[in-house]
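This report refers to the structure that appears directly beneath it.
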Amino acid sequence: MITYDVAIIGGGPAGYTAAERAGAAGLSTVLFEKNALGGVCLNEGCIPTKTLLYSAKVFDTVKHASRYAVGAENASIDLPKIIARKNKVVKKLVAGIRMKMKEHGVATIEGTACIEGRAPDGTVAVACAGERYEARHLLVCAGSEAVIPPIPGLDTAGYWTSREALQAKELPSSLVIIGGGVIGMEFASFFNSLGAKVQVVEMLDEILTGMDKELSALLRAEYARKGVTFYTGHSVRAVNGTEVRIEKDGETRILEDGKILLSTGRRPVTRGFGLETLSLERLGHGIKVNEYMQTSLPNVYACGDVTGYSLLAHTAVAEAETAVRHITGKAVRGMSYRAIPGIVYTNPELAGVGATEEQLQAEGKAYAVKKIPMAFSGRFVAENEMGNGTCKIILSEDGTILGAHLLGNPSSELAVIAGIAVEKGFKAHELAAFVFPHPTVGEILKEALA
């Protein structure tokens, strides 16, 4: 039995980042992963969906090439080749992670790890693939899994989750998406661009809970114009084959479609690997941690989706970095959640960072809004013929930037600039004082604050 400085359960963004940082810091490190390095994000989440969405975006561009004085008739798609390209991208990136693990001396063990308990001296025992390991520090990075709601008839309906949708070799003629969150909207965007009839059912009164409500409504309207049908405020009562029975205010409607895609959120994975042997304090469905990602046992850390706090890959990476800095005694501050960007990679993109109007209203805090159309950017107009968009910046009474929310391409990139401003507590005049390159869409942030 080998004793390591650090043992990590889960090879997703939190796990492989922690392993790389720990190995680079000279700590002996072992990483356990039961499926494939990269976790859900790389293998069946962030990267695969963005690869598919980029193909869809290219197809959209070609279909509307005449807007840019370019002839491109008879555009077509080849879904099996799109899926094959996605698989190639994933394979390449997984290989890159494996190389990083090797470069930093991380022992990578394939198999389901099981925690066997914690010894009086604090070391934690983990069994995997017929071997037993001990570690002075344990990082639990077990990720999350799709939530499957108890809808009558769903279990026999042959539905998709994101996992199955990412492997589709044939384009469904029509699709009912249950859930209008980020995953649901990104798949709505993809299949709508490829020509499928798409219907989205959302239980709440607006799609994309947690994002800016005004911009979410504008994105919904944009996709309604593209042919997507939305049923907001509707609950799914039952599924019968390809029929989905939905209800709102006592009125029932039957949606008949070829395929059902379930997109009703994700929850932390806390079972199946012996976590109960540690008796860690829980918070909701996840594991409770402090600002350094320590659990109720000081040498046991939890990072990523397993905490149930922010189920985003970039949050997981930041949490893993925080945990390893703490283990090595180099943590000058704990994890900050002030400026975690949220991105919806539809076409157009929707991005938000920091506080929303809805959040500030709920907290009873005063604020001011600076808002202008994305068309105030010359670069945006040049590259988005007939495209609309909005840039909204939220300020405190003293002019501090509290949040920024953008609809229009490339909002995902602009969220980086806005996030730095929110995290650092910039005043509006401080961000506006920077020289932005011209012409860029990023200038819209400066214009909004003028």
- With the stretch 129-202 as the region, which strands (runs of 3 or more DSSP E) entirely inside it contain at least 3 residues that are touching a residue at least 60 places away in the same chain (Cβ under 8 Å) and surrounded by 14 or more Cβ atoms within 10 Å (Cβ to Cβ)? 131-140, 144-146, 174-178
- When the stretch 392-421 is checked residue by residue, the ones that are within 23 Å of ALA382 (Cα to Cα) and either charged (D, E, K, R) or assigned to a loop (DSSP other than H, G, I, E, B) (or both) are LYS392, GLY408, ASN409, PRO410, GLU413
- Message: Filter the stretch 223-234 down to the residues that are surrounded by 15 or more Cβ atoms within 10 Å (Cβ to Cβ), not in a loop (DSSP other than H, G, I, E, B) and not hydrophobic (A, V, I, L, M, F, W, C) and list them by number.
- Response: TYR223, TYR231, THR232
- Task: Could you list, in sequence order, all residues of the stretch 384-394 that are out of contact with any Leu (no Cβ under 9 Å at 6 or more places or on another chain) and surrounded by 15 or more Cβ atoms within 10 Å (Cβ to Cβ)?
- Result: ASN384, GLY387
- Note on the structure: How many residues of the stretch 340-367 are polar (S, T, N, Q) and part of a helix (DSSP H, G or I)? The answer is 2
- Item | Filtered residues of the stretch 75-106 (kept if within 26 Å of the chain's Cα centre (by Cα) and farther than 24 Å from LEU53 by Cβ) | ARG98, MET99, LYS100, MET101
- What about ALA362, is it of a type outside the set (Asp, Glu), more than 26 Å from TYR223 (Cβ to Cβ) and assigned by TED's automatic domain parsing to the domain that holds MET293? no
- Query: Only one of these conditions is not met by ALA382: (1) part of a helix (DSSP H, G or I); (2) under 14 Å from LEU445 (Cβ atoms). Which number is it?
  - Reply: (2)
- Looking at (1) in a helix (DSSP H, G or I); (2) in contact (Cβ under 8 Å) with a residue 40 or more places away in the chain; (3) farther than 22 Å from ALA313 by Cβ, find the lone condition where MET101 falls short. (3)
- Query: Counting only residues that are surrounded by 20 or more Cβ atoms within 10 Å (Cβ to Cβ) and in contact (Cβ under 8 Å) with a residue 40 or more places away in the chain, which one in the stretch 314-338 is nearest to the chain's Cα centre (by Cα)?
  - Reply: ALA316
- Does ALA72 satisfy the condition of being surrounded by 12 or more Cβ atoms within 10 Å (Cβ to Cβ), over 23 Å from the mean Cα position of the chain (by Cα) and either assigned to a helix (DSSP H, G or I) or modelled with pLDDT under 95 (or both)? yes
- Message: For the stretch 5-56, give me each residue that is assigned to a strand (DSSP E or B) and surrounded by fewer than 23 Cβ atoms within 10 Å (Cβ to Cβ).
- Response: ASP5
- Task: May I ask you to verify whether TYR309 is closer than 19 Å to VAL140 by Cα, assigned to a strand (DSSP E or B) and of a type in the set (Ser, Thr, Tyr)?
- Result: no
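So that you can scan it fast, the table gives a plain yes or no per residue for (1) surrounded by 22 or more Cβ atoms within 10 Å (Cβ to Cβ); (2) in contact with a Phe, Trp or Tyr (Cβ under 7 Å, 6 or more places away or on another chain):
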position: GLU363; (1), (2): no, no
position: LYS370; (1), (2): no, no
position: PHE376; (1), (2): no, no
position: SER396; (1), (2): no, yes
position: ALA404; (1), (2): yes, no
position: LYS427; (1), (2): no, no
position: GLU447; (1), (2): no, yes
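Per-residue answers, yes or no, for (1) in contact (Cβ under 8 Å) with a residue 60 or more places away in the chain; (2) more than 17 Å from THR356 (Cα to Cα); (3) polar (S, T, N, Q); (4) assigned by TED's automatic domain parsing to the domain that holds ASN347:
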{"site": "GLY399", "(1), (2), (3), (4)": "no, no, no, yes"}
{"site": "LEU402", "(1), (2), (3), (4)": "no, no, no, yes"}
{"site": "LEU406", "(1), (2), (3), (4)": "yes, no, no, yes"}
{"site": "PRO410", "(1), (2), (3), (4)": "yes, yes, no, yes"}
{"site": "LEU414", "(1), (2), (3), (4)": "yes, no, no, yes"}
{"site": "ALA418", "(1), (2), (3), (4)": "yes, no, no, yes"}
{"site": "HIS429", "(1), (2), (3), (4)": "no, yes, no, yes"}
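Search the stretch 255-303 for residues being more than 30 Å from PHE190 (Cβ to Cβ) and among the polar types (S, T, N, Q), and hand back the single one that is surrounded by the most Cβ atoms within 10 Å (Cβ to Cβ).
THR295
The values are calculated or read from the model by the stated rules, or taken from the named source; none is laboratory data. Worth saying up front: this structure is predicted, and the values here are computed from it rather than measured. Reconstructed Cβ throughout: ideal geometry from the backbone, glycine too, with neighbour counts over all protein chains shown.
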